[in-house]
Structures are given as structure tokens and as C-alpha cells.
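Down below is the structure, laid out as C-alpha cells.
The values are calculated or read from the model by the stated rules, or taken from the named source; none is laboratory data. Since the structure is predicted, the reported quantities are computational estimates derived from the model, not experimental observations. All Cβ positions, glycine included, derive from the backbone under ideal geometry; neighbour counts span all protein chains shown. Heavy atoms of the whole protein, side chains included, go into the accessibility calculation; ligands, DNA and RNA do not. Shrake-Rupley method; radii C 1.70, N 1.55, O 1.52, S 1.80 Å.
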Amino acid sequence: MPTTSRPALIVLTALAPVSWGTTYAVTTQFLPPDRPLFTGLMRALPAGLVLLALARVLPRGAWWWKSAVLGALNIGAFFPLLFLSAYRLPGGMAAVVGSVGPLIVVGLSAVLLGQRPTARSVLTGAVAAFGVSLVVLKAAGALDPVGVLAALAATASMSTGTVLTKRWGRPDGVGPLALTGWQLTAGGLLIAPVALLVEGAPPALDGRAVGGYLYLALANTAIAYWLWFRGIGRLSATQVTLLGPLSPLTAAVVGWAALGQALTAVQVAGMALAFGATVFGQIGPRTSPVRVREVASRGNTVTQRRRHPWPKSPAPVVASPSPHGRAVPAGGPSTVPPPAGRRRTGSDRAVAAGSESTG
């Protein structure tokens with residue numbers, strides 16, 4: 001199977017937050033109002049079941065509880081908290097709080113992945129959050145404490161899920177399609193009873209609503225989350241999360257292009273800042289190439305990785321001269337004849353023959 005180049009991998013992963021940026025427009029234009037939990041359920045559970053049917057792989061062993069934890073963090077808790085914050089906070093404040101996700105991931109990566117935070121990653125995350133705030137933040141009344149806590153909890157939940165997904169990786173022989181299906185199914189099953197208790201029976205759906213839910217379940221969730229978790233497996237957690245600001249930027253562009261919402265000069269400047277920080281966050285530091293040497297030992301092949309070529313170092317030279325006035329290499333065969341009076345052994349004759357053939 002051909003490997004994807006790093007620029008192509010970044011672009012494919014970026015399609016996930018770009019798709020998520022269309023959620024607001026689809027929800028307001030096609031779906032029944034005031035049903036955030038039902039919408040979260042319809043996004044997660046059908047998509048998860050479709051991916052499970054395609055992958056035909058179920059979790060085994062510890063991956064039953066790991067999938068449940070990741071599904072709760074990335075889907076089951078994240079969706080309801082995100083919708084709750086969006087309903088209770090004014091003027092895109094939920095998106096502003098969500099834009100600090102890269103900074104949370106930087107901190108969690110230091111604790112869970114052992115990756116030391118760098119000034120570059122912190123500054124990039126801060127600039128991206130500031131740019132997003134210029135795009136979506138509008139003047140409004142006092143902030144709702146419940147909405148703020150829900151937004152912070154949603155951001156922390158998704159950030160923790162991203163880092164744990166990176167830490168745990170995938171079981172042997174399991175691809176990102178199956179891993180995504182496990183999480184979406186677990187998250188959907190977690191949302192289902194909450195949606196039933198809070199919002200009651202499902203609403204009646206017309207053709208527009210069915211089309212909207214199909215888009216959210218397939219393109220916006222199944223494909224988008226597959227690309228997202230695939231990117232987490234091959235890029236750093238910070239790199240992936242720094243693609244997150246593309247979601248509110250896409251929402252602003254869709255609102256301007258499709259819903260007739262105006263963009264001010266300040267918003268355009270914020271979009272440029274956030275997009276520039278997102279691109280800058282994908283430019284990793286240069287590292288020296290990794291050399292791989294295959295070493296055969298007792299019938300087994302041992303792979304040793306080094307960051308420098310294997311040098312052909314000459315044997316060190318002993319400071320004391322030989323009886324013939326030449327330095328003797330340390331650790332190598334000596335070409336000095338045996339002292340007078342000592343009988344030459346078989347090894348002495350072999351060494352002498354070798355030196356004559358290479359001299």
C-alpha cells in the first residue's frame with residue numbers, strides 16, 4: 001500500500017475540521033431546532049455502525065475499555081458539551097474557548113507523551129486562538145457560567161482524547177477505520193440514553209432533515225473522523241490539534257458565502273492570523289536522517305537505528321613504536337615478528353601471510 005507524503009497527509013487531515021466548520025450551517029438550515037443531543041446521536045451512532053460494518057473488526061482485550069474511554073472523550077462527552085456551550089454562549093464564544101485546544105494538548109503531551117513544550121508550539125497556539133477570537137467574537141451581554149464551563153469541558157475532553165489516541169496508538173493489524181468505528185459507536189451509545197431522557201422521543205423528519213442527517217453522519221462524521229484519527233496516528237498531537245482553528249474559519253466563510261453574513265476587516269485579519277498560525281504549526285523542525293543497519297546475530301535480524309552514518313573509524317594507534325620503528329595499531333593483528341628465540345606458531349604464520357597479501 002503506497003504511503004502518503006507528509007504534505008498530502010496534512011491536507012487530508014485538515015479536511016476533517018473543514019468539514020466540521022459546515023456543521024452550524026447544516027444544523028440551522030436543514031435540521032429540527034433545539035435538538036442538540038439528538039443531532040449528536042445521529043452524527044455518531046449511524047456513522048460508527050457503518051464503519052464497523054466496513055472494518056469487520058471488534059475490539060479485543062484491553063481495547064474494549066480503551067475504545068469506551070476514547071469514544072466518551074472524543075464523541076460521547078464532546079458532542080453534548082459542545083452543543084450546550086454553543087446554545088448558552090453568545091457570538092461564537094464557544095469557538096474562542098475551543099481554539100485554546102492546542103495549548104491544552106501541548107500541556108497534556110508533556111505529561112502523557114513526554115514531549116517537552118516548546119516556545120514555538122505555545123506561541124503558535126496563542127496566535128491561532130487570538131486570530132479565531134477576532135473572527136467569531138462579537139459584543140454581547142454577560143457570559144453564562146454554565147456555557148463557559150461546558151465549552152472548557154468540551155475542549156478539555158477532545159484534547160485529552162486526542163493525546164490518549166496518540167499515546168495508545170492502535171492494536172496490531174487494526175487500521176484507523178476500525179478504531180474510528182469503535183469510538184463513534186461507543187460515543188453514540190453513550191449519548192442515546194441522555195438524549196432520550198433530556199429531549200424525549202425523536203422528532204418527525206422531513207426530506208431536508210433526512211438529507212442533513214445523512215451528510216452529518218457520513219461526510220461530516222464518518223469520513224471526517226476517520227481522516228482525523230488517521231492523522232493523529234502519523235502526525236504529532238500538537239500538529240493535528242493546530243488544524244482545529246480551520247473549523248471556525250470555515251464556518252465564517254460558509255456564513256459569508258452561503259448565508260449572506262458580512263465579514264469585517266477585523267474578521268479578515270483574524271482569519272489571516274489563524275490560518276497563518278495553522279500553516280506555521282505544520283512546519284516541523286528539521287531532524288537528521290535516520291540510518292537503519294541490519295545486523296545478523298545467531299540467525300536473527302536486529303535493526304539498529306542511528307542518526308548519523310556508520311563511520312569507518314581506523315583502529316587507534318599505540319604510541320609505543322614497534323621494533324621496526326613503526327606504530328602498532330591497537331586491537332588489530334600485529335605484523336611484528338615474534339621475538340628472536342621464540343618458535344613461530346600457526347597464528348603467527350597466518351598473520352604474516354595476511355600482511356604480505358595486503359601489503
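Brief remarks follow.
- When residues of region 247-274 are limited to those that are within 18 Å of Phe30 (Cα to Cα) and without any contact (Cβ under 8 Å) to a residue 40 or more places away in the chain, the one surrounded by the fewest Cβ atoms within 10 Å (Cβ to Cβ): Gly260
- Residues of region 37-58 that turn out to be within 27 Å of Leu242 (Cβ to Cβ) and either open to solvent by 60 Å² or more (accessible area, probe 1.4 Å) or without any contact (Cβ under 8 Å) to a residue 60 or more places away in the chain (or both), as a count: 0
- Restricted to region 216-227, and to residues there that are open to solvent by 10 Å² or more (accessible area, probe 1.4 Å) and in contact with a Ser or Thr (Cβ under 8 Å, 6 or more places away or on another chain), the residue that is nearest to Thr13 (Cα to Cα) is Leu227.
This table checks each residue for (1) farther than 30 Å from Val268 by Cα; (2) of a type outside the set (A, V, I, L, M, F, W, C); (3) touching a strand residue (DSSP E or B) at 6+ places or on another chain (Cβ under 7 Å); (4) surrounded by fewer than 18 Cβ atoms within 10 Å (Cβ to Cβ).
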{"site": "Arg60", "(1), (2), (3), (4)": "yes, yes, no, yes"}
{"site": "Ser67", "(1), (2), (3), (4)": "yes, yes, no, no"}
{"site": "Val105", "(1), (2), (3), (4)": "no, no, no, no"}
{"site": "Leu112", "(1), (2), (3), (4)": "yes, no, no, yes"}
{"site": "Ala128", "(1), (2), (3), (4)": "no, no, no, no"}
{"site": "Ser133", "(1), (2), (3), (4)": "no, yes, no, no"}
{"site": "Ala150", "(1), (2), (3), (4)": "no, no, no, no"}
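- Residue identified as at pLDDT 85 or above, open to solvent by 50 Å² or more (accessible area, probe 1.4 Å), over 19 Å from the mean Cα position of the chain (by Cα) and more than 26 Å from Leu184 (Cα to Cα) among Ala142, Ala119: Ala119
- Counted residues, region 170-187 - those being of a type in the set (Gly, Ala, Ser) and more than 16 Å from Trp64 (Cβ to Cβ): 2
- Listed conditions (1) over 18 Å from Gly161 (Cβ atoms); (2) of a type in the set (Gly, Ala, Ser); (3) surrounded by fewer than 19 Cβ atoms within 10 Å (Cβ to Cβ) are all met by Ala86, apart from (3).
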